[in-house]
Each structure stands twice: as C-alpha cells, then as structure tokens.
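Structure, as structure tokens:
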C-alpha cells in the first residue's frame, strides 16, 4: 500500500499547487451536474451523487495508486445500482457497495491488479456498449416528459411502455431537453472553460424559471434538497441478505476495478507515468465502503474527469482532493438551488454520457475480428441489454475462456518426425541438423509436440500416439516447443507410459523446458522414467537411443 500522494508530496511546489488547484476546481464543476444526474438515474436522491463524489473522490485521490485519478459515480454503475435499489432498497445498496468494497480491497491485497487486464477486450466493449444503450433507454421518459407512473426495469418492457405512452409527450419538456443537448454538443467549439453540461443546466434552468413553461424539475420530483452533511448509517446485515447480494456486490467490485484501472492506464499514457494497480484497488475498496457508510452509491475512477484533470494541469492527487473539497463547498452553499434544474436537461446530459460511453466505432471495428471474438462481443452486449449485467459478464468470461482454450488447442500440434519430414514439410524448422533424421533406424520413432500441452490438446496427443508402429522399440518424445504443461497432460503422459511399458517400448524425453520439467518432477514421472531418460536436446537422445540393445 503505497499511495501516490505520499510519493508526489515530497517534491511538491507552489507552482504545482496552483495548477492542481485550478484543475481540481474545473473538474468539480464538470462533476457537479454529472453526479446529480447519475444519482437520479440510479434511483436515489440527487444529493447522494454529490456525497459519493465528495467522500469517495477524496479517498481515491488521497490513498490511490494514480497521480491524477479522479473518482466518483460513473455511468457504468447506473444499471446495477438501479436494479439493486428497486429490488433491495437503499439498505441493500449500502450492503452491496460495502461488500464490493471489501472484495476490491482483497483483490489489491492479493495483488490481483494485474489480473484485471486479462479480461478480453470484446467483453469490456460488449458490456460497456450494453450499459450505454441501457442508460440511453432510461432517459427517454424524462427527456420527452412521458406520463408513466412506473417505468419497467426490463429493456423490452420499458420500450413497450414508452411506445404506449408516446402520445403523452410534453412539447415544452422536449424543447428544454433539446436546448440542453444542443448546448452540450456545440459548447466545446467556444473557448470558454465552463463545461458544456453546466452551461446547459444554467441556461435551461433560467429559461424554465423566467418563462411560463411547465417542465418537471428536481424539486417537483424530490422536493427540498438537503445541504447538510450525511450521517453514517450501517444497515442490519444478515446471512440471507449477504447471500442475495453477493452477485451484485461482485459486479460492483469487478466493474469498479476494471474502470478504475482502465482510467489509470489511460492517464499513464497521457502523463508518461505508471500507476500502482494494487494500491489503486485497495483505495477504491476503502472509498466504496466509506461512500456506502454515508449513504452514497458505488464509485470508481472516471475516465472523462481524469482526462479533464490532466488537460487542465493536474499532476498530483492534490487536484482530486481539491475537486472533492470544491464539491463539498458547492453542496453546502448552493444545494437548495439544484431543485430548480429541469429533469429533461439532466436526461440530455446522460444521453451524451451514453453516447460517449457506447464506443460505437470500437464496436463496429470489432465486428471485423475473428468470429469467436464477434460471438463474445454480441452475446455480452445483448445479454447486458436484455437480461442482466452480472449474467453478461459471467457468460462472456466463460465463452471467452472456452474459445481461448480452443484456439490454444488448435495451435498445439503433435506430429511424427520421419526421414522425409524435412523434405515434405516446408514449415519444419528444427533446432538440430535435419540430416540426423536420415539416420533414424526403423525401430526408433520420434514425436514432437509444438505448443502448450494442456487439457485442450491432451486428446490430440493420445490419438496420435495410438498410431505408433508395432515395430517401434524406442520412442523419443521431443518437447522443446512446449512452454507449459498441466495436470491433464501429465495424466495423458502417464497413460502413454503405461502403454509403452506394456509393449516394451523405451520412452525418452528431449528438450524439456523449466515449467514442464517441474510439473513432471512433482508428478513423479521423471522418477518413474529415470533421469537417464531425460535429455537436453534431440541429438543426445538419438545418440543414446542408438546405443540401446533391441529386444
């Protein structure tokens, strides 16, 4: 646990503080409307989004493993948080978030930060795009002002309800939403540093307040908003609740870990730094537990806010801490004014968030990948949208693992080396003189395994070994190109050794690498064969085989 804050503070300067202060204030202004919008879309009250950005944001910067990471609520969590709140209430969300935080801490303690990178790109793109579609779908009611008492949670039922209620569209609400959308999209073209989302909220709020337009606002939905600091609250835990929430908690931990480390990697590329992944995971876990304790929602590293921090001069965790303190001051002073914000303007902000999150160009690009990757991408995407994010990640990981194993099995090759191999096989590039094969006696058979020797390829080895000629008295198994071996491969070799003993065939190994040698040593196979049957290279094995008497 080595937080970057304590590393960077050693050589901290006044000039860097001014840069961090400026970046932190700007990022806080960007985070303000997003935190409120994401909280409402997640099924909780607006101030809980700010509580999360303040508490979790400060801890992530103070204890994290990245110099410039900005933490807070993000769109990735919206779907899972909404589902938990609808099914288990706010206490269920607090429990799931705390459990997810504990899991993240354990991931960091057991140094699993580097393992997250092994999640295949089609899975992360699939569920990220799926979440984007779900976020977009959740904002249709507020953007169009539809008269719906209850919005179904399921995607297809939700759109069925939207279509049925489309006749209740409120023109004034759509106009406000469209104005907000227009401002957000085209605001970056000017040189004013105020974020487009904040400008959209201010303009649309003023329009609604100073014109006779009838548009739903945060106040009309939630009433008065409190600017008071939250009080710690710990719900009653039970084994039954833990059992029900273990799945959502795992999703919170996995999503939080993936997004935070992804954001840290992006930041490293921009500043030429190197984050500490395990420290980052521990900090994220502590931040989520603290956020939950004060009634907040899950938090993680936010890529867009982190990039904004870097572009505005933030280079140490102080910028992220300033961002959290600035949000706290804004909440204490201006929170009551948030009730005037139109809901359709917040919907417009989240529609833009969904668009940016969709990675549609990346999605389309992946459709040109190998069929197995396309299958993983599409299944993860559709299961995320139509069924459940947790199920999508589980199915995606299982599918990706199976397809990876198939690929590895396909590239693993077992073939016999004969006198004619060098002439007939253009791809044959031995590490020994091919002329050695010309002197192969008829009673010596040579087999070569190329690629990982694991359970996916073990059957291939056994099938080929059945074709060994009855005249064979000595078998040389060349394993120089086997980088790794597993228990199933050992089992296959044991069966093969039994067959060799039965047929009085002497078995020799050549070219064993370190990992396969250690596996065979631990399994007792080297003791069974004897060290005299293990050779460093094929030349030595063949020379020894030629000296053995033929029985």
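The values are calculated or read from the model by the stated rules, or taken from the named source; none is laboratory data. Predicted model, so just to flag it, every value in this text is computed and none were measured. Neighbour counts run over all protein chains shown; Cβ positions are idealised from the backbone, glycine included.
Laid out as a table, the results:
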| quantity | calculated |
| --- | --- |
| Of the criteria (1) in a helix (DSSP H, G or I); (2) under 18 Å from residue 550 (Cα atoms), which one residue 492 fails | (2) |
| Hey, residue 65 in contact (Cβ under 8 Å) with a residue 24 or more places away in the chain, over 13 Å from residue 320 (Cα atoms) and not in a helix (DSSP H, G or I) or not | no |
| Selected residue (only one of 324, 348, 338 is part of a helix (DSSP H, G or I), surrounded by 20 or more Cβ atoms within 10 Å (Cβ to Cβ) and either at pLDDT 95 or above or outside the structural domain of residue 175 (by TED's automatic domain parsing) (or both)) | 324 |
| Any hit, region 223-243, residues being crowded, with 17+ Cβ neighbours inside 10 Å and under 18 Å from residue 34 (Cα atoms) | yes |
| Test: residue in region 418-438 that is in contact with a strand residue (DSSP E or B) (Cβ under 7 Å, 6 or more places away or on another chain) and not assigned by TED's automatic domain parsing to the domain that holds residue 154 | yes |
| Test: residue 375 is assigned by TED's automatic domain parsing to the domain that holds residue 43 and within 30 Å of residue 225 (Cβ to Cβ) | no |
| Yes/no for residue 145 being in the same structural domain as residue 41 (by TED's automatic domain parsing), surrounded by 18 or more Cβ atoms within 10 Å (Cβ to Cβ) and at positive phi | yes |
| Lone qualifier among 391, 464, 449, 398 - being assigned to a helix (DSSP H, G or I) and touching a helix residue (DSSP H, G or I) at 6+ places or on another chain (Cβ under 7 Å) | 391 |
| Which listed residue, of 410, 373, is loosely packed, with under 15 Cβ neighbours inside 10 Å, within 24 Å of residue 122 (Cα to Cα) and out of contact with any strand residue (DSSP E or B) (no Cβ under 9 Å at 6 or more places or on another chain) | 410 |
| So residue 18, is it out of contact with any helix residue (DSSP H, G or I) (no Cβ under 8 Å at 6 or more places or on another chain) and in a helix (DSSP H, G or I) | yes |
| Hey, residue 478 under 23 Å from residue 550 (Cβ atoms) and in contact with a helix residue (DSSP H, G or I) (Cβ under 7 Å, 6 or more places away or on another chain) or not | yes |
| Inter-residue pairs, beta-carbon under 6 Å, first in contact (Cβ under 8 Å) with a residue 40 or more places away in the chain and in region 158-174, second surrounded by 12 or more Cβ atoms within 10 Å (Cβ to Cβ) and outside any helix (DSSP H, G or I), 6+ apart | 170/145; 172/213; 172/215; 173/145; 173/215 |
| Selection count, region 429-440, where residues are in contact with a helix residue (DSSP H, G or I) (Cβ under 7 Å, 6 or more places away or on another chain), assigned to a loop (DSSP other than H, G, I, E, B) and touching a residue at least 40 places away in the same chain (Cβ under 8 Å) | 1 |
| Matching entry among 77, 58 (being in a helix (DSSP H, G or I), surrounded by 24 or more Cβ atoms within 10 Å (Cβ to Cβ) and touching a strand residue (DSSP E or B) at 6+ places or on another chain (Cβ under 9 Å)) | 77 |
| Selection status of residue 394, surrounded by 15 or more Cβ atoms within 10 Å (Cβ to Cβ), within 21 Å of residue 78 (Cα to Cα) and free of Cβ contacts under 8 Å to residues at least 60 places away in the same chain | yes |
| So residue 130, is it under 25 Å from residue 232 (Cα atoms) and in a helix (DSSP H, G or I) | no |
| Selected residue (criterion: surrounded by the most Cβ atoms within 10 Å (Cβ to Cβ)) from residues of region 187-200 that are part of a helix (DSSP H, G or I) and in contact with a helix residue (DSSP H, G or I) (Cβ under 8 Å, 6 or more places away or on another chain) | 200 |
| Enumeration of residues in region 304-321 that are within 11 Å of residue 61 (Cα to Cα) and not in a helix (DSSP H, G or I) | 316 |
| Matching helices (runs of 4 or more DSSP H) fully within region 203-303 where at least 2 residues are closer than 27 Å to residue 315 by Cα and either touching a residue at least 24 places away in the same chain (Cβ under 8 Å) or touching a helix residue (DSSP H, G or I) at 6+ places or on another chain (Cβ under 9 Å) (or both) | 239-271, 277-293 |
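Okay, residues lined up against (1) touching a strand residue (DSSP E or B) at 6+ places or on another chain (Cβ under 6 Å); (2) part of a strand (DSSP E or B); (3) not assigned by TED's automatic domain parsing to the domain that holds residue 484:
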| site | (1), (2), (3) |
| --- | --- |
| 509 | yes, yes, no |
| 512 | yes, no, no |
| 521 | no, no, no |
| 528 | no, no, no |
| 532 | no, no, no |
| 539 | no, no, no |
| 542 | no, no, no |
